[in-house]
Amino acid sequence: MKRVCIVGAGTAGLCSARRVLENKMSATIYEQTDKIGGTWVYTDRIGTDDYGLDIHSSMYQGLRTNLPKEVMGYPDYQIQASDISYVPSEIVRNFLEQFTNKYQLRDCIKFLHYVVNIIPKRDKWQVIVNDLKKQSIKFELYDYVMVCNGHYHTPLYPSIEGANIYKGYQLHSHDYKNPSRLKDETVLIIGAGPSGMDLCHEISKVAKKVTLSHHLPESLKTSFRSNVDQKPDVKYMDERRVHFIDGTMDEYSIIFYCTGYKYAFPFLSTDCGIHVDDNYVQPLYKHCININYPSMAFIGIPYYVCAAQMCDLQARFCMKFWTQQKTLPSQYEMLTDTKQQMDARFAKGYKKRQAHMMGEEQGFYYTDLATTADIEDIKPVMTLLHNESSRRFMDDLLHFRDDIFRIVDDNHFIKIN
């Protein structure tokens, strides 16, 4: 029986294990925490855990999803709970627990096992793992590796002149747990992606003043509370003030970075042939399979997607080739295909750091995977609803979570309020 190593017991790792098992392979999930759920697991702690490892989850208190639950389930296993569409994070974590139980995945998971290194060994993978409770190192051999460690765990900070001499408090959204630390403060939020927008809304409930700094070409359409204003990019900081590129300046007691995360795979040896350049993970065939070693796959790299749906699709994509039902193209053909697709993206104006961003074009990516591997595609309604909810998020930040959606069929949804 072929053995598959899966790194992480979150959304990607769980559906990957399910697909491995149904293809009569052996699955072992290594999870560095003691819980199922990955980024959906909340902890009060920041910094490091009991074993000196960086805290993985970026979850904060009171989080409600910024996507409707109708697009957040797996293709054939949906989130059933609640009449509302935008649900508390606990609902999602419970959903993942239920999925684990339904497909009998718990026996596959080795909790409190930290993957130290993964090294190619001829036609196998040597996986070096630390059993954290026993503090003992194990060496295992696997036929395949699925990297499912997510990409919302290693903070990305912008390079801003003077940030090192600024006297105020500086915080990344990864370490944000609740708004109490920001009560009655003057806060500069840097970054207007989903987390920047959402946390601006949360923080403005308690802060004295909030400024949202971003490089979008024009001010955001959505309404904010009266204590929120918008500024362009930061030019530099001094000890007390922040200077913006429009020539204005202001003083803030807290700088809050909502500047995203870095793709990080500290457990991969350089021999694995994967490198990350400005958040572009390469060389990957279809944003998924390691072109240098096609027995390794990365599940969940693309973002602004229906994540659980896509992870399941990617796992099925890999299984089709790893079970020899389909034959992968040659290395040259995979590199050529990847270059053509990425050149087309860059020609549209995508930056290197946006190499894996899907958004409005996610449906084309799903169909490409499905067609290439001859597997069932994600239902078009998922892409349509995801894109509609994303537009509502940008246009009506204060009220979009009041929306309630229902799926009608594979191609249609309705808003019922």
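The table below lists the values:
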quantity	calculated
Enumeration of residues in the stretch 349-364 that are polar (S, T, N, Q) and open to solvent by 40 Å² or more (accessible area, probe 1.4 Å)	Gln354
Every residue from the stretch 230-241 that is touching a residue at least 40 places away in the same chain (Cβ under 8 Å) and either loosely packed, with under 15 Cβ neighbours inside 10 Å or acidic (Asp, Glu) (or both)	Asp238, Glu239, Arg240
The stretch 42-90: number of residues that are under 29 Å from Ile416 (Cβ atoms), open to solvent by less than 40 Å² (accessible area, probe 1.4 Å) and of a type in the set (Val, Ile, Thr)	4
Residues within the stretch 391-403 that are under 20 Å from the mean Cα position of the chain (by Cα), touching a residue at least 24 places away in the same chain (Cβ under 8 Å) and open to solvent by 40 Å² or more (accessible area, probe 1.4 Å), tallied	1
Among (1) open to solvent by less than 30 Å² (accessible area, probe 1.4 Å); (2) touching a Leu at 6+ places or on another chain (Cβ under 8 Å); (3) within 19 Å of Lys351 (Cβ to Cβ); (4) of a type in the set (Val, Ile, Thr) - the single one Ile291 does not satisfy	(3)
Flag if Ser253 is surrounded by fewer than 22 Cβ atoms within 10 Å (Cβ to Cβ), touching a residue at least 24 places away in the same chain (Cβ under 8 Å) and touching an Asp or Glu at 6+ places or on another chain (Cβ under 9 Å)	yes
Which numbered condition Val4 fails, given (1) out of contact with any helix residue (DSSP H, G or I) (no Cβ under 8 Å at 6 or more places or on another chain); (2) open to solvent by less than 20 Å² (accessible area, probe 1.4 Å); (3) β-branched (Val, Ile, Thr)	(1)
Condition met for Gly300 (in a loop (DSSP other than H, G, I, E, B), more than 19 Å from the chain's Cα centre (by Cα) and not hydrophobic (A, V, I, L, M, F, W, C))	no
The one condition in (1) in contact with a Lys or Arg (Cβ under 7 Å, 6 or more places away or on another chain); (2) open to solvent by less than 10 Å² (accessible area, probe 1.4 Å); (3) over 21 Å from Glu161 (Cβ atoms) that Asn227 fails to fulfil	(2)
Filtered residue count, the stretch 362-390, keeping only those that are over 20 Å from the mean Cα position of the chain (by Cα) and touching a residue at least 40 places away in the same chain (Cβ under 8 Å)	9
Selected residue (criterion: nearest to the chain's Cα centre (by Cα)) from residues of the stretch 209-263 that are small (Gly, Ala, Ser) and not in a strand (DSSP E or B)	Gly260
Helices (runs of 4 or more DSSP H) fully within the stretch 325-398 counting 2 or more residues that are closer than 20 Å to Tyr74 by Cβ and out of contact with any Pro (no Cβ under 8 Å at 6 or more places or on another chain)	362-373, 380-395
From the options Met334, Met382, Met310, residue that is at pLDDT 95 or above, surrounded by 20 or more Cβ atoms within 10 Å (Cβ to Cβ) and closer than 21 Å to Pro120 by Cβ	Met334
Matching entry among Arg406, Arg316 (being under 21 Å from the mean Cα position of the chain (by Cα), modelled with pLDDT of 95 or more, open to solvent by 10 Å² or more (accessible area, probe 1.4 Å) and among the basic types (Lys, Arg))	Arg316
Filter result for Thr367 (crowded, with 16+ Cβ neighbours inside 10 Å, more than 21 Å from Pro194 (Cβ to Cβ) and β-branched (Val, Ile, Thr))	no
Candidate set: the stretch 137-192, residues that are part of a loop (DSSP other than H, G, I, E, B) and free of Cβ contacts under 8 Å to residues at least 40 places away in the same chain; chosen: the one surrounded by the most Cβ atoms within 10 Å (Cβ to Cβ)	Lys183
Enumeration of residues in the stretch 275-305 that are under 15 Å from Cys5 (Cβ atoms) and free of Cβ contacts under 8 Å to residues at least 24 places away in the same chain	Asn290
Per-region count, the stretch 208-224, residues open to solvent by less than 10 Å² (accessible area, probe 1.4 Å) and among the hydrophobic types (A, V, I, L, M, F, W, C)	2
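The values are calculated or read from the model by the stated rules, or taken from the named source; none is laboratory data. Note that this is a predicted model, so its numbers are computed, not measured. Virtual Cβ from ideal backbone geometry, glycine too; neighbours counted across all protein chains shown. Surface accessibility is based on the protein's heavy atoms, side chains included, excluding ligands, DNA and RNA. Shrake-Rupley method; radii C 1.70, N 1.55, O 1.52, S 1.80 Å.
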